[in-house]
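First the structure, in the form of C-alpha cells, and then the observations on it.
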Amino acid sequence: MFRTSSNPRFQPRNTERHHWWDGDAMIAGLYLRDGRVAYRTSWVATDSMKFEVEQGEGVYGSFVNGGTSGRLPEGAPRGKNNPQTNAGIFDDQLLVYFEGALATAMAPQTLETYGPYHFHGGVDILCTAHFKIDPATGDMLFFAATGPVITWYRADAKTGNVIVPRHRRRHPGPHARLHRQRELRDLLRRAKHVPLGRAGT
C-alpha cells in the first residue's frame, strides 16, 4: 500500500501564504509479506526538489495561495513539480501525481525516483492526478486539462501505451473544449460516459 503526502523539506519562502499542499511530496510504502510488515518512506526526487536540495533552501513560492518566489536562481526548473496528490501502481511502476505536471515514476520496492512518466510518449504535457482504473480491462482512464481544452486518455494495462479511440467517425478525437475556464479535478466512470468534476463540486 502506498500513500503520498505533503512534507515541507525547507522553510517556506513566505510562511503567511504557505499552504499545506505546498509541502514537498513524500511517498510512504507499507509492505506485508510472510506475516511481517515493513514500512518505508522516501522523498519524490523531482527536478525541482533536487534543485532546492542543491541550493540548500526553498526557492519556490506557494502555487496554491499565489505567493511569488521572485526571480528564480539560474538553472531552476520554471515551476515546482510537487506530486503529493495521488499514487498508484501501473505499468509495473509506482506513479505519483501532481495536477500541474506529468506523473512521476518510482520503483515500488525501493521507492527510488525514476523521473517523469509520459506513458511511453503518449502524454507530453500533464495529466490529472485523479485517474480511474477500468475494472473490466485494468486500463487507466484519465484526462488532461490545458486551458479550455480537455484531452481524454485510456492507457493499456498490459503495455502502458495510450490507446487511440476506435470510433473516429462518431467521435472525431478525444478532445473537448470548455466555453468557460474551470479547474477540473476528478472523473467518474460509467458504462458509456465519463462525467468530469471541477474543484469545489
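All of the numbers you see were taken from the coordinates with simple rules; none came from a lab. Computed from a predicted model, the values in this text were never measured in an experiment. Here Cβ is always computed from backbone atoms with ideal geometry, including for glycine, and neighbour counts include all displayed protein chains.
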Karplus-derived 3J(HN,Hα) from phi for region 38-47 (6.51 cos²θ - 1.76 cosθ + 1.60, θ = phi - 60°), whole Hz, x at Gly and Pro, runs 10, 10, 9, 10, 7, 5, 8, 7, 6, 4
For Arg71 and Gln109, extending 7 Å from Cα along the Cα-Cβ vector and measuring point to point gives, in nm, a value of 4.8 nm
Quick note on Tyr39, Tyr117, Tyr97, Tyr31, ordering by fewest other C-beta atoms within 10 Å, gives Tyr39, Tyr31, Tyr117, Tyr97
Contour minus Cα-Cα span, His120 to Thr137, at 0.36 nm per residue, comes to 4.2 nm
For region 1-84, using Cα atoms only, the Rg and Dmax in Å read 15.0, 52
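Give the calculated FRET efficiency between Trp21 and Gln55 to the nearest 0.05, with a Förster radius of 25 Å applied to their Cβ-Cβ distance.
Numbers: r = 21 Å, r/R0 = 0.86.
Rounded to the nearest 0.05, the efficiency is 0.70.
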Under 20 Å by backbone N from the virtual spin label 7 Å along Cα-to-Cβ at Asn161, the residues of region 113-142 are 117-125, 134, 137-142
Sorted by chain and number, the residues with a modelled amide H under 5 Å from that of Gly58, at a separation of 5 or more or across chains, are Gln11
